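The structure appears below as structure tokens.
Just so it is clear, none of the values below were taken in a lab; they were calculated from the coordinates. Since the structure is predicted, the reported quantities are computational estimates derived from the model, not experimental observations. Glycine gets a Cβ as well: all are built from the backbone with ideal geometry, and neighbour counts include every protein chain shown.
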Ligand SMILES: Nc1ncnc2c1ncn2[C@@H]1O[C@H](COP(=O)(O)OP(=O)(O)OP(=O)(O)O)[C@@H](O)[C@H]1O
Ligand SMILES: [Mg+2]
């Protein structure tokens with residue numbers, strides 16, 4: 001029979017015995033001395049996760065490097081050198097007469113990432129459902145507005161005929177034509193909204209960006225005159241046709257140019273400079289760019305820009321860019337913001353060429 005004294009191991013063995021136990025644990029685990037907080041033993045996962053952190057051999061320094069209080073049990077911390085997230089737990093432990101604190105650090109990065117993706121998907125869903133309720137609202141409005149709009153167009157046509165017969169002033173005739181163009185556009189948007197809500201299948205075919213841009217310029221002519229600004233249109237010669245739904249792309253360009261005009265409300269008229277450029281980019285897509293000299297956007301704003309209901313305007317809904325982006329993504333294109341050199345913003349979108357699509 002072995003005498004009890006022979007079974008008692010010397011204190012120095014505590015660390016190696018502990019090391020063996022920690023080695024069997026499949027996540028980062030380490031023991032620190034209760035008194036001075038010095039590292040006594042750590043397993044392989046602990047070394048892999050934390051040896052790159054200066055001060056990891058000391059409880060207080062390790063906690064500091066991870067940005068958590070040294071005694072916070074259950075804290076979640078991000079390791080600055082690896083970007084991984086850990087759930088940290090502390091448990092007291094007495095082994096071979098030595099008082100220790102055992103740290104477990106479970107890598108929760110994958111779980112957080114999954115949560116993030118989930119949240120993202122939920123946000124997307126929320127966005128879609130918001131868009132749908134906006135769509136339903138629009139459908140009701142469209143139904144109510146269609147009749148009066150048709151009547152407005154009829155009255156304008158009648159007035160135009162009368163002015164023509166009476167040889168009335170040319171300005172009146174021009175104003176009536178402009179009013180009719182606006183009313184017809186409103187009717188086209190509305191019938192498109194109704195179709196979109198009903199069928200959810202926009203009509204894409206070969207469209208000329210020059211025609212689209214000129215329609216938009218015509219719709220905004222009065223607004224631009226009121227703001228005393230000129231809109232320069234620079235489209236590459238022989239810009240190829242795009243594969244797109246005409247009214248939807250008009251809506252996108254209209255929204256971007258409107259935003260650009262609104263961004264320059266506060267600056268002196270002489271500095272208001274709005275350009276629309278069109279070209280074929282390096283990916284062989286047609287890229288349309290709207291450039292303004294407004295206040296531009298700071299980093300925080302540019303991150304939220306496309307979120308639905310983000311607005312900095314007292315009279316804004318914050319839905320314009322969100323809708324533009326979903327329209328462009330539907331068209332397999334991209335909508336993006338860039339700061340404009342010399343001040344202001346660039347909002348650009350791409351559309352695929354029609355060639356080979358029809
Ligand atoms: N050209 C621009 N220059 C500076 N800021 C801009 C520009 N375009 C958009 N923004 C910023 O992005 C925000 C969101 O734009 P968005 O078009 O989605 O909504 P909105 O213009 O505020 O309202 P609405 O729904 O009526 O269009 C704006 O409130 C503005 O802060
Ligand atoms: Mg807007």
Query raised in the report: By how many degrees, between 0 and 90 and to the nearest 10, does the Cα long axis of helix 109-166 differ from the longest principal axis of the chain?
Result: 10
Query raised in the report: What ranking do 50-58, 69-77, 322-330 get when scored by the average of other Cβ atoms within 10 Å per residue, highest first?
Result: 322-330, 50-58, 69-77
Report summary line: In degrees, nearest 10, the alpha-carbon axis of helix 320-330 is tilted away from the dominant principal axis of the alpha carbons of the chain by 80
Query - Label-point separation in nm, residue 64 to residue 303, each point 7 Å along Cα→Cβ - result: 2.8
Query raised in the report: To the nearest 10 degrees, how steeply does helix 170-199 sit against the main Cα axis of the chain, on a 0 to 90 scale?
Result: 40
Query - Pair-distance profile P(r), taking every C-alpha pair of the chain, with 10 angstrom steps and integer % - result: 4, 17, 20, 16, 11, 10, 9, 6, 4, 2, 1, 0, 0
Query raised in the report: So for the pair residue 21, residue 223, with labels modelled 7 Å out along Cα→Cβ, what separation do we get in nm?
Result: 7.2
Query - Virtual spin-label span in nm between residue 161 and residue 280, 7 Å along Cα→Cβ - result: 4.7
Query raised in the report: Sorted by average packing, counted as other Cβ atoms within 10 angstrom per residue and highest first, what order do 34-45, 148-159 take?
Result: 34-45, 148-159
Report task. Kindly give Rg over Rh for region 4-107, based on alpha-carbon atoms, with the Kirkwood expression for the hydrodynamic radius. Result -> 1.00
Query raised in the report: Gain in length, residue 181 to residue 208, computed as 0.36 nm per residue apart minus the alpha-carbon separation, to one decimal in nm?
Result: 7.8 nm
Requested in this report: Treating each Cα of region 203-358 as an identical point scatterer and ignoring solvent, apply the Debye formula and state log10 I(q)/I(0) at q = 0.16, 0.20 Å⁻¹.
Outcome: -0.88, -1.36
Query raised in the report: Once the piece of chain linking residue 258 and residue 34 is laid out straight, how much longer is it, given 0.36 nm per residue of separation minus the C-alpha distance between them?
Result: 74.1 nm
Report summary line: note: region 270-347, Cα-Cα separations exceeding 18 Å make up a percent value of 48
**Report entry** Square roots of five times the Cα gyration tensor eigenvalues for region 179-293, Å
**Finding:** 25, 20, 11
